[in-house]
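The values are calculated or read from the model by the stated rules, or taken from the named source; none is laboratory data. For clarity, every value in this text was computed on a predicted model and none was experimentally measured. So basically every Cβ, Gly included, is an ideal-geometry build from the backbone, and we count neighbours across all protein chains shown. SASA here: full protein model, heavy atoms, side chains in, ligands and nucleic acids out. Shrake-Rupley method; radii C 1.70, N 1.55, O 1.52, S 1.80 Å.
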Amino acid sequence: MSVDGYLMQEPGFATKAIHVGQEPERWSSSNVVTPIVLSTTFKQQSPSQHKGFEYGRSGNPSREVLEQCLSSLDNGKYGLCFSSGLAAATTVISLLSAGDHIVVMDDLYGGTYELLTEVIERRDITFTFVDARYPERVASAIQRNTRMVWIETPTNPLMGIVDIKQVSEIVHAYEEIILVVDNTFLSSYFQRPLMLGADIVFYSLTKYLNGHTDVLMGALVMNSNELHERLKFLQNSLGAVPSPFECFMVNRGLKTLALRMEQHMKNGLAIGRYLEKHPLVDKVLHPGLPSHPQHQLAKSQSYGHSGMLSFYIKGGLEESQKFLSSLKVFTLGASLGGFQSLAMLSSQMSHAPMPIEDRIRLGITDNLIRLSVGLEEAQDLIADLDQAFKATVS
Ligand code: P1T
């Protein structure tokens, strides 16, 4: 189905989410639901001869099911799961060595920013932060020692859109550079970066793919055999793997991903339109609304938009604080992509690790409110925002 001029959704997504990797024939008991295999070791027929599993860190049947299903949803060949989004990021960056350089989108999740600037920089890996909404800036930031380009699209929290195809053409003029796309805000239901030229798709599964706010996990999806081999090696040697129970939970969450994402989109658009008309709102950032400067680009590379949006409330920190503490249906809290609606002040929460001057330059100011619109009734969400605006000015 094509919504409002977005790319035409490919058939079969929901079927893959329900069936790939989950064939009952895979198990001797023919169970329809994936078992949670807790065993950390697996019997070997003779030393080093086994049925594909030897030790829980290097491989686990519940994890393998999820990895196969996730890769199919991105039309990728391989999936790898990690104990959090940032564990997946640490593993990808461990592909690099001292002396290497990364070009990074300047508007990105504060935790990724902190990982790069506080941890990775100490390993003698350098970065250039660029506004990748202008692909020519990615091109001019590439150096002799650049080995990776890291982008988020849409960005957290400013909803900037990066032209994945154009950036991938720039990157792939160099054989040795890998393009990583953080697709957390849209999920594979609304965007498939591998098909647009990315080498690795990155996910915080903690968000939409699990969707129930009860698991921390990350994943990487790729096509290249060589990258898969190197990353699988690192998955085992760094050891940041998820538990079998959590793999089961995400696998279960995936079953309703298509349904959830459609509803997140509907609710997010209803709220975005409501906010655009509100006299206490300066500006709404939602790539699915025609007012977004990159609305056409968003439509040309994705299948829709999730429940993520941000807006500038008129005023400053005091107004934001009053508004956020008055919400009753929206929960004031970190994270996103769950069934319940969340609101946050990025400048003080997810992006607190970023230096204030960078935040201000980017527009992550104290009146920027980020919403993760959940699956409640849109009317109830709008009524909640309405009463919080009233409380802000009372
Ligand atoms: O929290 P974790 O599963 O480690 O994922 C990190 C991460 C990576 N990429 C993006 C785009 C993210 O939004 C996140 C986590 N973000 C939040 C917790 C947040 O509130 O924005």
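What the table shows:
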{"read-out": "Antiparallel %, DSSP beta bridges [both residues in region 100-246], to 5", "value": "25"}
{"read-out": "Stretch gain in nm, segment ALA173-TYR134, where the contour uses 0.36 nm per residue and the Cα spacing is subtracted", "value": "12.3 nm"}
{"read-out": "FRET efficiency for LYS165 and SER335, using Cβ-Cβ distance with R0 set to 25 Å, rounded to 0.05", "value": "0.25"}
{"read-out": "Residue-by-residue Karplus 3J(HN,Hα) for region 317-328, coefficients 6.51, -1.76, 1.60, Hz, glycine and proline x", "value": "4, 4, 5, 4, 5, 4, 4, 5, 7, 8, 5, 10"}
{"read-out": "Heavy-atom accessible area order for VAL32, VAL130, largest first, 1.4 Å probe", "value": "VAL32, VAL130"}
{"read-out": "Local net charge near ASP131, Cβ-Cβ under 13 Å (Lys/Arg +1, Asp/Glu -1)", "value": "-3"}
{"read-out": "Most mobile listed residue (GLY374, GLY239, GLY288) in the chain, GNM with C-alpha springs under 10 Å", "value": "GLY239"}
{"read-out": "Percent RCO, i.e. relative contact order, over region 257-393, from Cα pairs under 8 Å lying at least 6 residues apart", "value": "29"}
{"read-out": "Neighbourhood charge, 13 Å Cβ-Cβ cut-off, centred on MET265 and excluding it, Lys, Arg +1 and Asp, Glu -1", "value": "+2"}
{"read-out": "Rg(Cα) / (2.2 N^0.38 Å) computed for the chain, rounded to two decimals", "value": "0.99"}
{"read-out": "D (Stokes-Einstein, µm²/s), Kirkwood Cα radius, region 347-386, 0.692 mPa s at 37 °C", "value": "273"}
{"read-out": "Calculated [θ] (222 nm, deg cm²/dmol) that DSSP helices of n ≥ 4 give over the chain, each run adding -39,500 (n - 2.57)", "value": "-10000 deg cm²/dmol"}
{"read-out": "Cα-based helix-to-principal-axis angle, 244-254 vs the chain, degrees rounded to 10", "value": "50"}
{"read-out": "The chain, accessible area per residue, ligands and nucleic acids excluded (1.4 Å, Å²)", "value": "41"}
{"read-out": "Straight-distance crosslink candidates among aspartates and glutamates, where the alpha carbon sits under 17 Å from LYS390 and sequence neighbours closer than 8 are dropped", "value": "GLU276, ASP282, GLU318, GLU319, ASP380"}
{"read-out": "Fraction of antiparallel bridges per DSSP, the chain only, in percent to nearest 5", "value": "55"}
{"read-out": "Unit charges on C-beta of K, R, D, E only; dipole of region 103-235, Debye", "value": "180"}
{"read-out": "Unit charges on C-beta of K, R, D, E only; dipole of the chain, Debye", "value": "580"}
{"read-out": "Counting all C-alpha pairs of region 257-393, share separated by more than 18 Å (%)", "value": "53"}
{"read-out": "Long-range amide H partners of PHE127 with built H, under 5 Å", "value": "ILE102"}
{"read-out": "Eligible lysines near LYS77 by straight Cα distance, threshold 26 Å, same-chain separation 8 or greater", "value": "LYS16, LYS51, LYS165, LYS207, LYS232, LYS255, LYS299"}
{"read-out": "Calculated diffusion of region 178-227, Stokes-Einstein form, Kirkwood radius summed over Cα pairs, 4 °C and 1.567 mPa s, µm²/s", "value": "116"}
{"read-out": "Rel. contact order, % - alpha carbon contacts under 8 angstrom, at least six apart, the chain", "value": "18"}
{"read-out": "Overall Cα dimensions of region 15-144 - principal axes, largest extent first, Å", "value": "56, 38, 25"}
{"read-out": "Relative contact order (%) - region 1-55, alpha-carbon pairs under 8 angstrom, separation at least six", "value": "17"}
{"read-out": "For region 179-271, alpha-carbon Rg and Dmax in angstrom", "value": "14.4, 46"}
{"read-out": "Farthest toward positive dipole pole in the chain [+1 Lys/Arg, -1 Asp/Glu at C-beta], among MET159, HIS286, LEU269", "value": "LEU269"}
{"read-out": "Under-5 Å amide H pairs with LEU179, H placed in peptide plane, nonlocal only", "value": "VAL149, ASP199, ILE200"}
{"read-out": "Cα centroid separation - region 270-296 against region 1-71, whole Å", "value": "39"}
{"read-out": "Net charge dipole size for region 44-104 [Lys, Arg +1 and Asp, Glu -1 on Cβ; Debye, nearest 20]", "value": "140"}
{"read-out": "Highest-fluctuation residue, GLU175, GLU229, GLU64 considered, GNM on the chain with Cα pairs under 10 Å", "value": "GLU175"}
{"read-out": "Distance between modelled label sites at ARG273 and SER300, nm, 7 Å Cα→Cβ extension", "value": "2.6"}
{"read-out": "Range in the chain, longest, excluding exposed trypsin sites (Lys or Arg not before Pro) [loop by DSSP; at most 12 other beta-carbon atoms within 10 Å]", "value": "145-276"}
{"read-out": "Of all accessible heavy-atom area on the chain, the percent that carbon and sulfur account for (1.4 Å)", "value": "54"}
{"read-out": "Listed residues LEU216, SER58, ALA98: farthest to the positive end of the dipole of region 13-254 (Cβ charges)", "value": "SER58"}
{"read-out": "Net lengthening on full extension, LYS255/LYS390 (0.36 nm per residue, minus Cα-Cα)", "value": "44.7 nm"}
